[in-house]
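Everything below concerns the one structure shown next.
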Amino acid sequence: VQLQASGGGLAQAGDSLRLSCAASGRTFSSLGMGWFRQAPGKEREFVATINWSGGVTSYADSVKGRFIISRDNAKNTVYLQMNSLKPEDTAVYYCATATSSQLQVRAWAYAYWGQGTQVTVSS
(Lines give C-alpha, C1' and ligand atoms only; values in the text may rest on other atoms or scores of the structure.)
Protein backbone atom coordinates (compact mmCIF):
# COMPACT_ATOMS: atom_id res chain seq x y z
CA VAL A 1 0.00 0.00 0.00
CA GLN A 2 1.29 3.45 -0.90
CA LEU A 3 -0.24 6.60 0.52
CA GLN A 4 -0.06 10.12 -0.89
CA ALA A 5 -1.23 12.95 1.34
CA SER A 6 -2.12 16.38 0.00
CA GLY A 7 -4.08 19.51 0.83
CA GLY A 8 -1.87 21.09 3.43
CA GLY A 9 -0.82 24.70 3.33
CA LEU A 10 -1.01 28.03 5.08
CA ALA A 11 -4.15 29.10 6.90
CA GLN A 12 -5.25 31.68 9.39
CA ALA A 13 -6.87 30.89 12.70
CA GLY A 14 -10.52 30.07 12.11
CA ASP A 15 -10.00 28.92 8.54
CA SER A 16 -10.69 25.47 7.13
CA LEU A 17 -8.53 23.06 5.18
CA ARG A 18 -9.24 19.62 3.78
CA LEU A 19 -6.53 17.02 3.62
CA SER A 20 -6.73 14.09 1.25
CA CYS A 21 -4.86 10.81 1.30
CA ALA A 22 -4.93 8.69 -1.84
CA ALA A 23 -4.05 5.04 -1.40
CA SER A 24 -2.93 2.45 -3.89
CA GLY A 25 -3.64 -1.22 -3.44
CA ARG A 26 -6.73 -3.36 -3.43
CA THR A 27 -6.89 -3.75 0.35
CA PHE A 28 -7.72 -0.10 1.11
CA SER A 29 -11.45 -0.63 1.49
CA SER A 30 -10.97 -3.40 4.05
CA LEU A 31 -8.64 -1.50 6.39
CA GLY A 32 -9.05 1.16 9.02
CA MET A 33 -7.34 4.48 8.34
CA GLY A 34 -5.98 7.23 10.51
CA TRP A 35 -4.48 10.69 10.60
CA PHE A 36 -1.62 11.64 12.89
CA ARG A 37 0.37 14.84 13.21
CA GLN A 38 3.77 15.90 14.44
CA ALA A 39 4.66 19.43 15.47
CA PRO A 40 8.29 20.60 15.66
CA GLY A 41 9.99 19.23 18.75
CA LYS A 42 7.03 17.05 19.66
CA GLU A 43 6.14 13.41 19.29
CA ARG A 44 3.74 12.21 16.65
CA GLU A 45 0.20 12.27 17.99
CA PHE A 46 -3.09 10.69 17.04
CA VAL A 47 -5.67 12.94 15.37
CA ALA A 48 -8.48 10.83 13.97
CA THR A 49 -9.31 7.33 12.80
CA ILE A 50 -12.05 5.66 10.76
CA ASN A 51 -13.02 2.05 10.32
CA TRP A 52 -13.12 0.18 7.01
CA SER A 53 -16.66 1.18 6.09
CA GLY A 54 -16.53 4.74 7.34
CA GLY A 55 -19.30 4.06 9.79
CA VAL A 56 -17.24 4.49 12.95
CA THR A 57 -14.83 7.29 13.76
CA SER A 58 -12.82 8.49 16.72
CA TYR A 59 -10.97 11.74 17.43
CA ALA A 60 -8.38 13.16 19.73
CA ASP A 61 -9.92 15.48 22.31
CA SER A 62 -7.92 18.38 20.89
CA VAL A 63 -9.72 18.21 17.53
CA LYS A 64 -13.11 16.77 18.49
CA GLY A 65 -15.91 18.94 17.16
CA ARG A 66 -13.60 20.71 14.68
CA PHE A 67 -12.17 17.94 12.49
CA ILE A 68 -14.05 15.33 10.49
CA ILE A 69 -12.51 12.19 9.05
CA SER A 70 -14.23 10.46 6.15
CA ARG A 71 -13.42 8.05 3.37
CA ASP A 72 -14.48 7.19 -0.14
CA ASN A 73 -13.63 3.56 -0.80
CA ALA A 74 -14.55 3.87 -4.46
CA LYS A 75 -11.78 6.46 -4.80
CA ASN A 76 -9.36 4.81 -2.34
CA THR A 77 -9.17 8.10 -0.50
CA VAL A 78 -9.49 9.23 3.09
CA TYR A 79 -10.11 12.86 4.02
CA LEU A 80 -9.60 15.08 7.01
CA GLN A 81 -11.80 18.16 7.05
CA MET A 82 -10.25 20.64 9.45
CA ASN A 83 -12.45 23.51 10.60
CA SER A 84 -11.88 26.34 13.06
CA LEU A 85 -8.15 25.89 12.77
CA LYS A 86 -5.94 27.03 15.60
CA PRO A 87 -2.22 27.88 15.65
CA GLU A 88 -1.67 24.77 17.78
CA ASP A 89 -2.88 22.67 14.84
CA THR A 90 0.35 23.55 13.04
CA ALA A 91 2.14 20.29 12.25
CA VAL A 92 3.01 17.82 9.56
CA TYR A 93 -0.04 15.61 9.05
CA TYR A 94 0.36 11.96 8.16
CA CYS A 95 -2.19 9.46 6.94
CA ALA A 96 -1.74 5.80 7.71
CA THR A 97 -3.26 2.42 7.02
CA ALA A 98 -4.21 0.28 10.00
CA THR A 99 -3.36 -3.39 10.25
CA SER A 100 -7.02 -4.25 10.80
CA SER A 101 -10.45 -3.21 9.57
CA GLN A 102 -11.27 -1.33 12.76
CA LEU A 103 -10.28 2.11 13.94
CA GLN A 104 -7.00 2.38 15.85
CA VAL A 105 -5.60 5.18 18.01
CA ARG A 106 -2.07 3.82 18.52
CA ALA A 107 0.64 4.48 15.98
CA TRP A 108 2.00 0.95 16.33
CA ALA A 109 -1.30 -0.37 14.93
CA TYR A 110 -0.57 1.20 11.55
CA ALA A 111 1.50 -0.53 8.90
CA TYR A 112 1.83 2.01 6.11
CA TRP A 113 2.38 5.75 6.32
CA GLY A 114 2.17 8.58 3.83
CA GLN A 115 4.89 11.16 3.39
CA GLY A 116 3.11 13.90 5.34
CA THR A 117 1.70 17.27 4.39
CA GLN A 118 2.51 20.50 6.22
CA VAL A 119 -0.27 22.53 7.80
CA THR A 120 0.65 25.94 9.17
CA VAL A 121 -1.91 28.05 11.00
CA SER A 122 -1.15 31.66 11.85
CA SER A 123 -2.92 33.67 14.53
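The values are calculated or read from the model by the stated rules, or taken from the named source; none is laboratory data. Owing to the predicted nature of the structure, the values given are computational and were not obtained by experimental measurement. Every residue, glycine among them, receives a Cβ derived from its backbone with ideal geometry; neighbour counts consider all protein chains shown. These area figures cover heavy atoms from the full protein model, side chains too; ligands, DNA and RNA do not enter into them. Shrake-Rupley method; radii C 1.70, N 1.55, O 1.52, S 1.80 Å.
Candidates are the residues of the stretch 110-123 that are of a type in the set (A, V, I, L, M) and modelled with pLDDT of 95 or more; the one that is farthest from ALA11 (Cα to Cα) is VAL119. Taking the stretch 22-70 as the range and being among the β-branched types (Val, Ile, Thr) and modelled with pLDDT of 95 or more as the test, the residues that pass are VAL47, THR49, ILE50, VAL56, THR57, VAL63, ILE68, ILE69. For the stretch 81-123, residues that are out of contact with any strand residue (DSSP E or B) (no Cβ under 7 Å at 6 or more places or on another chain) and under 11 Å from LEU31 (Cα atoms) total 3. Answer with yes or no whether ASN83 is at negative phi and in contact with a helix residue (DSSP H, G or I) (Cβ under 6 Å, 6 or more places away or on another chain). Against the criterion (at negative phi and in contact with a helix residue (DSSP H, G or I) (Cβ under 6 Å, 6 or more places away or on another chain)), ASN83 does not qualify. Note on the stretch 41-80: among residues that are hydroxyl-bearing (Ser, Thr, Tyr) and over 13 Å from the mean Cα position of the chain (by Cα), the one that is nearest to GLY25 (Cα to Cα) is SER53.
Strands (runs of 3 or more DSSP E) fully within the stretch 17-120 that include at least 2 residues being open to solvent by 40 Å² or more (accessible area, probe 1.4 Å) and in contact (Cβ under 8 Å) with a residue 60 or more places away in the chain: 110-113.
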